[in-house]
1. Quick check on segment D:272-283: of everything there that is in a helix (DSSP H, G or I) and facing chain A (nearest Cβ under 9 Å), which residue is surrounded by the most Cβ atoms within 10 Å (Cβ to Cβ)?
2. Going through segment D:217-230 one residue at a time, which ones are open to solvent by less than 20 Å² (accessible area, probe 1.4 Å), free of Cβ contacts under 8 Å to residues at least 60 places away in the same chain and more than 7 Å from chain B (Cβ to nearest Cβ)?
3. I'd like to check something: does segment C:192-199 contain any residue that is in contact with a Lys or Arg (Cβ under 7 Å, 6 or more places away or on another chain) and at pLDDT below 85?
4. For segment B:12-131, give me every one of the strands (runs of 3 or more DSSP E) that falls completely inside it and has 2 or more residues that are away from every other protein chain (no Cβ under 14 Å).
5. Taking segment D:65-92 on its own, how many of its residues are open to solvent by 50 Å² or more (accessible area, probe 1.4 Å) and in contact (Cβ under 8 Å) with a residue 12 or more places away in the chain?
6. Considering only segment C:177-190, I want to know if a residue exists there that is buried (at least 22 other Cβ atoms within 10 Å of the Cβ), under 14 Å from the mean Cα position of the chain (by Cα) and either not in a helix (DSSP H, G or I) or not aromatic (Phe, Trp, Tyr) (or both).
7. Identify all residues within segment A:165-205 that are within 14 Å of chain D (Cβ to nearest Cβ), farther than 25 Å from C:Ser231 by Cβ and open to solvent by less than 10 Å² (accessible area, probe 1.4 Å); write none if there are none.
8. Would a scan of segment B:507-521 turn up a residue that is under 24 Å from the mean Cα position of the chain (by Cα) and within 16 Å of B:Val445 (Cα to Cα)?
Amino acid sequence: KTDIVVGMQLEPPHLDPTSAAAGAIDSVLYSNVFEGLTRFMSDGSVVPGLAESWEISEDGTVYTFKLREGVTFHDGTTMDAEDVKFSLDRARAEDSQNAQKALFADIDTVEAVDPATVRVTLKQPNGSFLFNMAWGDAVIVAPESIDGIKQQPIGTGAFKFSNWVQGDRIEIVKNPDYWGEPAKLDKATFKFISDPTAAFAAVMAEDVHAFAGFPAPENLPQFEADPRFQVLVGSTEGETILSTNNKMPPFDNVKVREALAHAIDRQAIIDGAMFGYGTPIGTHFAPHNPDYVDLTGLSAYDPDLSKKLLAEAGFPDGFTTTLKLPPPSYARRGGEIIAAQLRAVGIQTEITNLEWPQWLEEVFRGKDYGLTIVSHTEPADINIYARPDYYFQYDNPAFQQLMVDLNNTTDPAGRSAILKQAQEMIARDYVNGYLFQLAALSVANAKIKGLWANAPTQATDLTGVYWED
Amino acid sequence: MTLLRIDGLSLDIRGTPILRDVSLSVEAGQIVGVIGESGSGKSMTAFSVMQLLPEGSVCSGRISLSGHEMLALSEDHLCRLRGNDVSMVFQEPMTALNPLKTIGEQVAETILIHERTSAEDARHRAAEALTRAELPQDRFPLSRYPHELSGGQRQRVVIAMAIALRPKLLIADEPTTALDVTTQAEILTLLKRLVQEDGMGLLMISHDLAVVADMADHIVIMRRGEVVEQGPAQSLLRGMRHPYSLALLAASDHVPDREGAPQDTPLLQVRDVIRDYPTPRKGLWGTPGTFRAVDGVSFDIRRGENLGLVGESGCGKSTLTRAILGLEEVQSGTIALDGAPVFAGHKPNRAVRRRMQVVFQDPYGSFNPRHKVGRLVCEPFHLLDNPPAGADRDRAIAKALESVGLSADDAGKYIHEFSGGQRQRIAIARALIIKPDLIILDEAVSALDVSVRAQVLDLLADLSDRFGLTYLFISHDLSVVRSITDRVLVMQAGKIVEQGETAQVFADPQHPYTQQLIAAAPQLPQDVRKLAHEH
Amino acid sequence: MNRNLVLGAGLTAIFLLAALLSFAWVPQDVTQMDIANKIKPPSAAHPLGTDHFGRDILSMIMVGARTSIAVALVAVGIGMGLGVPLGLAAAARRGGWLDEVIMRANDLVFAFPSLLIAIMITAVFGASALNAIIAIGIFNIPVFARLTRSGALSLWTRDFVLAARVAGKGAARISFEHILPNVTNLLIVQGTIQFSLGILAEAGLSYVGLGAQPPTPSWGRMLADSQTMVSFAPHMALFPGLAILLTVLGLNLMGDGLRDVLDPRLRRDRQ
Amino acid sequence: MLRFIGKRLVSLVVTLWVASLVIFLSLEVVPGDPAAFMLGLNAQEDTLAALRDELGLNKGAVERYVDWVGGMLVGDFGTSYTYRTPVAQMVLDRVQVSLPLALYALTLSTLIAFPAGIWAAARRGKPADIAVMGVTQLGVAIPNFWFAMLMVLVFAINLRWFNAGGFAGWDAGFFAAMKSLTLPAIALALPQASILARVMRSSLLDTLNEDFVRTARAKGLTRGQALWRHALRNAMIPVLTIIGLQFAFLMAGAIIIENVFFLPGLGRLVFQAISARDLIVVESVVMLLVFAVVLVNFLVDLAYAAVDPRLRGRR
Ligand SMILES: Nc1ncnc2c1ncn2[C@@H]1O[C@H](COP(=O)(O)OP(=O)(O)OP(=O)(O)O)[C@@H](O)[C@H]1O
Ligand SMILES: Nc1ncnc2c1ncn2[C@@H]1O[C@H](COP(=O)(O)OP(=O)(O)OP(=O)(O)O)[C@@H](O)[C@H]1O
Ligand SMILES: [Mg+2]
Ligand SMILES: [Mg+2]
Ligand code: NI
């Protein structure tokens, strides 16, 4: 069997990964259709992609990429240094619509030295530049395909885009001219099923062969018990946190934030909202990362301590605040549980369920909230704490300096030390309530091999997937 | 052989006895008239013959129709008889026809149901039946829909349907009650003619003794589900014995005693009144047309006078009433009571309005069923600037009720606890309570049974004498107008075509329309009328 | 006694009483979570089992009845409160421009897909019980306006209205004194039907997450929450579903029964 | 007849115009920026501005209204903010699911309701009537999404007769496509059929009480003949109204059912578009649905005229 139907919750709004935030675009296209200079592997490591190798200058500001030979786009044109230059320049241009423009902020110039060599000069050293280039937002696109890219994506990957029935499915087919190891599947269909029940039913009825990012953890035991299916539990880059508005009283008082942290029973949230799937975290860092420090002890569940802290902070009878929840079930369910837990220490919450646009408007941009729950799925994103205007409004110069140091450091040991220090700093400041690392949950037919268990980025890499007879 | 013989028929509907021991018979070529007041079981007798009774009916006794025992027949067999051997014409021509089918289809259906024949043939014969019912094909093609016909024409279609197969027996249940006198006369003549032509038996049901007296060979008088008296028309009319029959006879030609003469001063002056109704615009952007319902009407009512207004349905009587009452503004002309206009400056004149009251036709519809009689009766107090309240009000209500022969206790009851006649008394009490000068009676007795009607007419005469009231008495029933009014106006298509002393007009009508009306009105034979007055 | 009425009123009363009782007492506080005891089938301690947060489903249904009933009732109230006067006014000015405007506005509201608009309203103004009420209520207005108008129109031709006009009463006074009392039967019957539709609508909105917000329990949200668990915890979907079904059934039966009892045609026959 | 149609047409146009104003004005107040939604958490202000400019969100309200209405008149519904495809194309795709689904459900509903309603009316008060009334009472009371859930559980997951959802597409063949619409159509049809059967029955009972049915019986028609030939067509008027309303409801109101069965229909399109603040899609689809409703009402009016000669006016 050489075709596969993959279920997925969200449908991409369009098919250009370089001009929208929607993770669903990457879920379908990353690595399958589009490739970047570097790429993520299932374990989160960054390996060469379209760049075969690279050299970094002494001061860390000049990257010289050696491109692979004989790479062609799906439209038959060759991929060369000019395409790379075009892609990077387009992403960082004045009128660029790239959702992650910051990834390219440090780039000073991009030069095509010869067809197989690209030289990128940075304004300042950036330790995560290779990592940045692995993002779906940094994939290499063909200049002549830009006009139709939103409907007709043309990349260099092992699969070619073939058809999109809006509201229903996207089909991709094997690229026979792929430069690397060819895909084992001839055809793959991504089917969009947003409703969790429908997702369950579709997998059970074997309408779809695999479901990446299965939305209903409560159903996984049933799949595990059924020999027809395999359940893949992996990790994501999603730190799920109780975001707190650090500038809004009473959350401007660290004691209150500490009280909040101790009022929360992480395990109950993981059990109640995620049915046990998820790893508790004590800071904004992925536990599978080698630099992770387990700081959950700092915010152990202790309602009595919490009440005491509240009293010390001047709120013996608690207070009332808002809890604005975006749509995913971790937020909605987790929110209900947290509301109940906070009520137990005297904090009353008014729950408001918001759609994403409203959430972005009110919470993220308007900063009109007390508490919210959201999973930060961008990889290695602790640097957001250095942005005082970021929606949780944490303004700590010490931390900001730490991030500057981090960027200036290229040696791994130094970086690791700084990252550990950063984790501890935000944990001790109780910037947010740190809940758990979102699990990557996938269900698939037991005969399918080669699926990614982890989700270091939002991707459903099918290049290595095959059916076992 | 007797065509229809009903023997000892009794009928119960869901345990309520409706008919008891009814016996009668109809011979071929004979017209049998059944009369009796409302609810006496006339219709149920007819339905029993057709075996089209409401659900839960239990019949006993015998009904034999040209040899068929109707009560013993299967439904299938009955269906074969209905329309073929026995047909029926109903009271209400407006609803008796299917609005969605052409008259041709509906008449042809009778034929197609009973005979295996081509649609072409059925249509042909339907046209014939319609022609026999005086709906000639050149003016009333088969493709007409019922809504394109007048009430009388519709009734002819129903008759055509009934006689299409030349049934042996035709049952006509009050076939003309809903029609104008002139139309009524035409339909009755048609029926008589068909009986003669086809030699069929006709069972003719009516509540109007005069209609039956004019038509029937044999008369059956019913009351509360029983036959009280029957016999050949001529002898029965002149030799009635049963008290109920006598009462019926007396009431149907009742003339209330009145004294007191009208004064010469005019109370109400109507001058050149025109009332137009807008008609729907023609075409999408056409100008709306107008329909003139009242066309240049002028007359006076003198104080203490009873003025009658007669005319056929739709001639504008009620429209004129509404104009006089100041409910609608007229397009031109003046209406003044004692010199004061009822409508001044586009607004009704309250001072004038409180001196006029009205009694409507429908004793059931003219009261809000949710209010108690006391509240209903004192409604006109709204017209007074200082209406009596509390005990004064109760006293006024009691007085009004007593003056129409009811008791003061009735004020606490709801309207559904009263009979039709009593309701009409309450309506009169309501009109009297603010002691108006003028009372307009719009068909005030038309809906009542003859005996009740006689009582109400007596009451009106009595009140007029006692309180010196002035009446405008509107009716399409000539006999009523004749019995109670001093002077009469005859109205046709919005115009007054004749007016004069009642006796004078009836004795010597001048206008052709008046003549036609009077000729069409069914009347008891002179000797019978005399008889009625003796009792 | 009318069978439908008794049965319907009985069913409705059960849920009404449960809702009232919940103010004073529920088997278990619905704001308390007990994650350790989640998704337990019915037992002595929890007659209808527990939900995914370990809350007692019986208690949730009792408190949820409050939400459903309140939302539907207020929505019907809005519909009647605005629709009836509009209908009366339109009938009083039949044929006039006011009538035309009111009826066209009604048609306009009817032309909008109701569920979609309800979703839009809640999406625009945020999901909450109040917005659900408004969304459902708006679509009740034309229902009552039309019903009132058609009932009133036939009443305006009746002689007792003419009698009132002869007594010098104005249109407004007649509308309230004579027309309104005579259309109440119609309104009561339609009211029960709209009430049941309101409960269904609230359930639908809550089901897509746009009704009452947590922690307020609502039947529709209980169904939504239980959706993914039907296959292994059917009790979670069964009981709230039954609650909706039985309440709506009760109200509809009651509506039918009331129609039979109050219908003037039938009553006139009985006299 | 022409006048009748003309009058209806004018009111149709006026209704649509007012509806377009209402839709546009009410969506003007919607909070939430489509550009922000599209670019996510890490977007920068200048990127947002660039996008807003491209989407035409910086123009004035009047200009946008005129653009929108003017475009619609010539069949141009604008370009979706999020999908960046012509709205007309998206709608066309979705209608291929929604319209057949609505028609399928309506057909089912009529096929069930007519016999049931007629049967119940003909056997008034008998066990058959009581049974039909009981079942339809339940049908009206069951929340259809709940019923859909149960059906998926039974027919898709346990018995595996049908797919749990999804739309096979018309390319897959007529029967495959219809099969994938069967469970949703049943879920939609059940309450509609119940309502329709009840309306059919009560309307038929009303007409059976009319005088002309009695006249027909007096002509010798059996009870059944009188019902079929005379009562039924007269009873159709309220039934037609309900069918018209139901069609409109089915086109738009299937949102929840489309979600349960993950069908790519119009309802879900709007639902998603509302979530994404893709206002142009919301406006256009709602407008289209209003148009469909108004059009169906217009057709129902014409159907009345076809059924009822009194409405055709004088010849
Ligand atoms: N469908 C029915 N069910 C029960 N009782 C009925 C029904 N129809 C008529 N009745 C009763 O049967 C009795 C006789 O009614 P019927 O219609 O025969 O009177 P009628 O003499 O024809 O009166 P009218 O002159 O008013 O037509 C009345 O008391 C009436 O209430
Ligand atoms: N509101 C109205 N709009 C238009 N035409 C009307 C209106 N009311 C009455 N008419 C028309 O005016 C004419 C006179 O009506 P009116 O009610 O005065 O007749 P009537 O003599 O009282 O008849 P009836 O004996 O049937 O009561 C009729 O042709 C009627 O169709
Ligand atoms: Mg009768
Ligand atoms: Mg009149
Ligand atoms: Ni509906």
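1. D:Ile274
2. Scanning segment D:217-230 gives a single hit, D:Ala226.
3. No, because not a single residue in segment C:192-199 is in contact with a Lys or Arg (Cβ under 7 Å, 6 or more places away or on another chain) and at pLDDT below 85.
4. Details: elements: B:16-26, B:31-35, B:57-65, B:86-89.
The qualifying strands (runs of 3 or more DSSP E) are B:16-26, B:31-35, B:57-65.
5. Initial filter on segment D:65-92 (open to solvent by 50 Å² or more (accessible area, probe 1.4 Å)): D:66-67, D:73-74, D:76, D:79, D:86, D:89, D:92.
Going one step further and asking which of them are in contact (Cβ under 8 Å) with a residue 12 or more places away in the chain, we end up with D:76, D:79.
Summing the residues that are open to solvent by 50 Å² or more (accessible area, probe 1.4 Å) and in contact (Cβ under 8 Å) with a residue 12 or more places away in the chain in segment D:65-92 gives 2.
6. In the first step, residues of segment C:177-190 are kept if they are buried (at least 22 other Cβ atoms within 10 Å of the Cβ); the result is C:178-179, C:183, C:190.
If we keep only those that are under 14 Å from the mean Cα position of the chain (by Cα) as well, we get C:190.
Next cut, either not in a helix (DSSP H, G or I) or not aromatic (Phe, Trp, Tyr) (or both) only: C:190.
Scanning segment C:177-190, I find at least one residue that is buried (at least 22 other Cβ atoms within 10 Å of the Cβ), under 14 Å from the mean Cα position of the chain (by Cα) and either not in a helix (DSSP H, G or I) or not aromatic (Phe, Trp, Tyr) (or both), so the answer is yes.
7. Once the filter is applied, which keeps residues that are within 14 Å of chain D (Cβ to nearest Cβ), farther than 25 Å from C:Ser231 by Cβ and open to solvent by less than 10 Å² (accessible area, probe 1.4 Å), segment A:165-205 yields A:Gly167, A:Ile170.
8. Scanning segment B:507-521 turns up no residue that is under 24 Å from the mean Cα position of the chain (by Cα) and within 16 Å of B:Val445 (Cα to Cα).
The values are calculated or read from the model by the stated rules, or taken from the named source; none is laboratory data. On a predicted model such as this, the values are computed, not experimentally measured, just so you know. In this analysis, Cβ positions are derived from the backbone assuming ideal geometry, glycine residues included, and neighbour counts consider all displayed protein chains. Surface areas here come from the heavy atoms of the whole protein model, side chains and all, with no ligands, DNA or RNA. Shrake-Rupley method; radii C 1.70, N 1.55, O 1.52, S 1.80 Å.
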